[in-house]
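Here is the structure we will look at.
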Amino acid sequence: MIRFFRHYISVSMLFLMVLEFLVFYFASDFSAERHGPVFQALLAPTAVYKPWLFAAVLALLSSMFDLYGWAWTTGLRSLFFRVGGCFSISGLLLYSGSLVLPEVFASNGELISAMTISCLSIILIRLLFMEWDKVDLFKKRVLVLGTGSRAAKIEELASQGEAQGLNIIGYLPMGSVHNYVPRDRVLTDSGGISELVERRGINEIVVAIRERRGGGLPVSELLECKLRGVSVLDLPAFFERQTGILPLEAINASWMIFSDGFSQGLTRDVIKRLFDMLVSGVFLLASLPLMLLTGILIRMESRGPMFYTQERVGQYGKHFTIYKFRSMFTDAEKDGRPVWAAHNDDRTTRIGRLIRRLRIDELPQTINVFLGHMSFVGPRPERPYFVEELAAQIPFFHARHSVKPGITGWAQVKFPYGASVEDAMSKLQYDLYYVKNHSLFLDLMILLQTAQVVVLGKGVR
């Protein structure tokens with residue numbers, strides 16, 4: 001993993017992205033030489049076709065379908081589904097581009113040839129990558145200190161396939177009475193940690209000990225290992241790097257105060273605000289016909305207003321009114337008591353279910369972005385009633401209010417729709433990661449993954 005603008009990126013996936021971009025480029029360039037001259041002579045004698053544009057579109061769509069994440073490595077079905085979706089949509093976009101700008105985009109046989117070569121190439125590359133990933137030789141060798149409940153979370157992470165690039169050698173008991181990891185994973189090596197590190201070829205140590213005072217943490221041995229070039233991480237840093245969350249049970253106020261991140265900057269705020277105003281203005285104009293059609297359909301199906309307004313909690317705890325298309329019947333909350341949204345909620349109308357699935361119900365929130373109440377990317381704003389309820393039960397819940405709420409966010413693209421206190425606790429771990437590491441680069445990544453969520457219909461209620 002490397003850290004880029006405070007966000008962790010897998011070196012393997014970065015290498016894969018660069019490699020495939022080159023494959024797309026040369027596949028397009030090769031096809032242009034074989035098929036291009038004929039069509040360019042007929043359609044655009046002064047063609048200035050750019051293979052890098054073909055490669056950029058495919059790379060962008062690959063990112064949108066999470067082909068540079070780890071989800072596709074779970075099996076061939078996931079791989080072919082994502083590759084198929086990526087090439088179907090990119091093919092339509094490139095063909096449409098060739099109709100409008102034939103001198104720039106590949107067309108006809110040239111496009112078919114480039115798409116075929118690219119598709120077959122990346123499937124082969126990724127099949128080889130999946131086999132390569134099974135080899136432990138080039139993985140980082142990790143030693144975990146502790147065998148308690150915190151260490152068990154790492155073992156669970158590894159069993160779920162989220163410890164990519166790591167070979168967890170085992171768990172070293174540090175005086176714990178109970179072992180929560182499998183017995184065959186507990187190390188019984190004699191000698192000190194330094195000797196164990198050298199004997200087992202350890203590259204990284206993860207400290208998963210709950211009690212560190214009173215000699216519970218072998219400071220001198222860990223310092224010796226670190227001075228020898230062995231990386232030493234605590235549990236929050238490990239999960240932050242591997243999963244993009246900050247585990248609530250492993251952090252405290254002092255850790256948040258002294259860790260890097262959790263900072264605000266005037267320059268970033270100004271740039272993000274300008275970006276929000278520009279994009280929201282263009283987006284409002286572009287989506288106006290769709291919004292008008294949606295409003296008419298809502299009014300035709302059921303009585304009541306076109307828009308649904310609701311009070312939400314924004315940055316620094318300030319309240320604001322959020323705008324959405326009404327997707328429920330007007331008496332959805334008869335007694336006035338807020339209710340969590342549920343799966344296949346029977347309070348929704350037929351049009352409401354459709355616009356929720358397509359995320360059209362959230363289009364009016366662009367008005368909130370333009371007015372400065374929200375940003376495009378940030379933690380989802382909650383209702384005051386739920387904020388009070390959740391803040392009373394979940395530590396650090398108010399930390400998410402240090403940044404502007406967003407239409408989409410890190411938790412929205414990484415975690416299914418939340419409809420309980422337990423779900424809110426899980427989502428907060430993603431929100432804290434965003435608050436700690438937010439940047440324009442991370443915002444752009446979230447926007448790309450949001451497109452994937454919309455296309456695949458993930459997390460719909």
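Brief remarks follow.
- P(r), alpha carbons of the range 2-132 - 5 Å bins starting at zero, rounded %: 2, 11, 21, 22, 17, 12, 8, 5, 2, 1
- Dipole magnitude (debye, nearest 20) for the range 266-456, charges at Cβ of Lys, Arg, Asp, Glu: 340
- Antiparallel beta bridges, as assigned by DSSP with both residues in the chain, represent about 40 percent of the total such bridges.
- Charged side chains reduced to their Cβ positions (Lys and Arg at +1, Asp and Glu at -1) give the chain a dipole of some 640 debye around its Cα centre.
- Simple spin-label estimate for Leu187 and Ser263 in nanometres, 7 Å along Cα-Cβ: 3.5
- Which listed pairs, of Lys324/Lys427; Lys50/Lys414; Lys272/Lys324; Lys50/Lys436; Lys134/Lys272; Lys226/Lys436, have C-alpha distances above 32 Å, in listed order: Lys50/Lys414; Lys50/Lys436; Lys134/Lys272
- Under Stokes-Einstein, with the Kirkwood radius over Cα pairs as Rh, the value for the range 266-456 at 25 °C and 0.890 mPa s is 142 µm²/s.
- Cα-based convex hull volume of the range 140-243 per residue, rounded to whole Å³: 97
- Gained length - Glu131 relative to Glu195, 0.36 nm times residue gap less alpha-carbon distance: 19.8 nm
- Projecting the Cα atoms of Gly109, Phe307, Leu145 onto the charge dipole of the chain, computed from C-beta unit charges around the Cα centre, puts Phe307 farthest toward the positive end.
- Residue (of Phe415, Gln264, Phe386) at the positive-pole extreme of the chain, dipole from beta-carbon charges: Phe386
- Cβ-to-Cβ counts within 10 Å put Ser118, Ser194, Ser88 in ascending order as Ser88, Ser194, Ser118, the fewest first.
- Using R0 = 30 Å, the C-beta based FRET efficiency linking Glu301 and Thr321 works out to 0.80.
- Annotation: the residues Ser426, Ser254, Ser96, sorted from fewest to most other C-beta atoms within 10 Å of their own C-beta, follow the order Ser254, Ser96, Ser426.
- Amide H contacts of Val232: Ile205, each under 5 Å away and 5 or more positions distant or on a separate chain (H built 1.01 Å from N in the peptide plane; Pro and chain starts excluded).
- Remark on Arg326: its backbone amide H falls under 5 Å from those of Phe307, Tyr308, a criterion applied only to residues 5 or more positions apart or on other chains, H modelled at 1.01 Å from N.
- Least to most buried among Ser10, Ser78 (fewest other Cβ within 10 Å first): Ser78, Ser10
- Rounded to the nearest 20 debye, the dipole size of the range 2-132 about its Cα centre is 380 debye, using +1 on the Cβ of Lys and Arg and -1 on the Cβ of Asp and Glu.
- Using R0 = 30 Å, the C-beta based FRET efficiency linking Leu60 and Phe30 works out to 0.90.
- The 3J(HN,Hα) values that the Karplus relation (6.51, -1.76, 1.60; θ = phi - 60°) gives for the range 228-234 are, in residue order, 8, x, 8, 6, 10, 10, 8 Hz. Gly and Pro appear as x.
- The chain - Rg (one decimal) and Dmax (whole number), Cα, Å: 25.5, 82
- Taking every C-alpha pair closer than 8 Å and separated by at least 6 residues, the mean separation divided by the residue count of the range 144-198 gives a relative contact order of 42 percent.
- Given charges at Cβ of Lys, Arg, Asp, Glu: the chain dipole, positive-most of Pro247, Leu120, Thr294: Thr294
- Simple spin-label estimate for Leu93 and Ile123 in nanometres, 7 Å along Cα-Cβ: 2.1
- Membrane-span-like helices of the chain, defined as complete DSSP H segments with a Cα extent of 18 Å or more along the helix axis and a mean Kyte hydropathy of at least 1.6, are identified as 51-64, 440-456.
- With a cut-off of 18 Å on the backbone N, the residues of the range 137-160 near the modelled label site 7 Å out from Val232 along Cα-Cβ are 141-147.
Read-outs throughout are calculated quantities, based only on the coordinates presented, and are distinct from any laboratory measurement. Remember, it's a predicted structure, so these values are computed and weren't measured experimentally. Cβ coordinates were reconstructed from backbone atoms using ideal geometry, including for glycine residues, and neighbour counts include every protein chain displayed.
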